[in-house]
Structures are given as structure tokens and as C-alpha cells.
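The structure appears right after this line, and notes come after that.
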Amino acid sequence: MKSKPFGALFGLLALVAILGVAPAFGQTANEIDIATGAGGSANAACVAANNCFAPNPLTVAPGTTVTWKNTDTAMHVVCSGKPTDDECGKVFEEDSLKPGKTFQFTFADAGTYDYFCSVHPWMTGQVIVAAGATTSTTPMQNMTTTDNAAVPEFGPVASIVLAIAVMSMVVFAAKTRGIPKF
Ligand SMILES: [Cu+2]
């Protein structure tokens, strides 16, 4: 059986392609996800758990870019300040973060930044920017850099690997059916 190695090769390459694509999904470091159902009411499950914006609080080092991602099915607002003050949007604001979309803000200065959703004011969160937070945030920043660099690279690599896998499958099929060799 000359064709057997091609089947094994296809399986291996398919596995590599799947593993290569997999890290593109899921939450990355310094990302805050908006909980599903957060806009329902002040009694939404995430309100009691204090994670309508998750993780909450998020602690980062100065200079970190934080990404808010709306993983809910409703539109939300990300507005710096508290529902009880009149500071909405004084530092940062995304007034129509649609489902599946992201909003980014880079925190240059240390401090505690409150934010909330002005449409659903029970949704509140904090970003803590601390110079002393290097122990926990440095590996996370490194992870972000690695993830960001890896995601665009994995696409073409996975495509090439898949193309090779398909080609080896064609060769495998051709050999098993007795079609003349190349
Ligand atoms: Cu909202």
C-alpha cells in the first residue's frame, strides 16, 4: 500500500490547520466583553455578579490599549464616568457599540476609570491603570502582542496547509482508483 502515507499526511495536516486556526477565537488579554443579556433589566444576572462588563475590574499598566467587545445581541454604550455623575464621555465614549463590534481606548495615565452603559445604567465597570501592575499585566501585554501577531499569520499558513492537505487527498484518491500517475 503505497497510498497509506498520504492518508496519514492528510490527517496530520488537517490537525495542524485546525490547531492553527483555533487561537483566533475566544477572548484576548486586555479585552472586556459585554455579557449576553446585560441590557435586559437591572435584575440581569450579570448585575448581581458585577460582570456585565467582564472582567471587572480590569487592571492594566499605563499605555495599555483596552478593547471592549459587544458579545451581546443588543447595542450598548461604553461611557467613562458613573451613572450618578455628569461625566459621561469626558475621558472616552462609544455611543453605539453594535453587537459583535469593538471599541478601543488607550490608557496613558494611572488611575481608576469608572465607566458604564448610558442606555442600561445598571451596567457599570472599572479599568484600573496602575504603574505597579507590571507583574500581572506584562505577561498579558506580551500575550496580546503574540495573539495580534499570530492571528493574521495563521490565516495564510492554515490556507496553505489546507491546500496541501487537499492536494494529498487528491493524490491519495487518484492512486487508490488506479488513475495514471503524474
Ligand atoms: Cu447597554
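The values are calculated or read from the model by the stated rules, or taken from the named source; none is laboratory data. Predicted model, so just to flag it, every value in this text is computed and none were measured. For neighbour counting, all protein chains shown are included, and Cβ atoms are generated from backbone atoms with ideal geometry for every residue, glycine included.
So for the stretch 84-103 (the condition being of a type in the set (A, V, I, L, M, F, W, C), modelled with pLDDT under 95 and within 22 Å of the chain's Cα centre (by Cα)), does at least one residue qualify?
no
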Problem - Tally of residues being away from the ligand (no atom under 13 Å from the Cβ) and either crowded, with 17+ Cβ neighbours inside 10 Å or under 19 Å from the mean Cα position of the chain (by Cα) (or both) across the stretch 34-43 - result: 0
Practice task
Looking only at the stretch 28-36, decide whether some residue is part of a loop (DSSP other than H, G, I, E, B) and at pLDDT below 95.
Solution key: yes
Fill in the blank from the handout: Of all strands (runs of 3 or more DSSP E) fully inside the stretch 87-138, the set with 3 or more residues that are more than 16 Å from the ligand (Cβ to nearest atom) is 102-107, 111-116, 124-129
Practice task
May I ask you to list the residues in the stretch 93-118 that are touching a residue at least 60 places away in the same chain (Cβ under 8 Å) and either among the aliphatic types (A, V, I, L, M) or over 17 Å from THR73 (Cα atoms) (or both)?
Solution key: LEU97, TYR115
Exercise for the section: Answer yes or no: is there a residue in the stretch 44-65 that is away from the ligand (no atom under 15 Å from the Cβ), buried (at least 17 other Cβ atoms within 10 Å of the Cβ), more than 11 Å from VAL127 (Cβ to Cβ) and touching a residue at least 12 places away in the same chain (Cβ under 8 Å). Expected result: yes
Practice task
Only one of these is surrounded by fewer than 15 Cβ atoms within 10 Å (Cβ to Cβ), in contact with a Gly (Cβ under 9 Å, 6 or more places away or on another chain) and modelled with pLDDT of 95 or more: ALA108, ALA130. Name it.
Solution key: ALA108
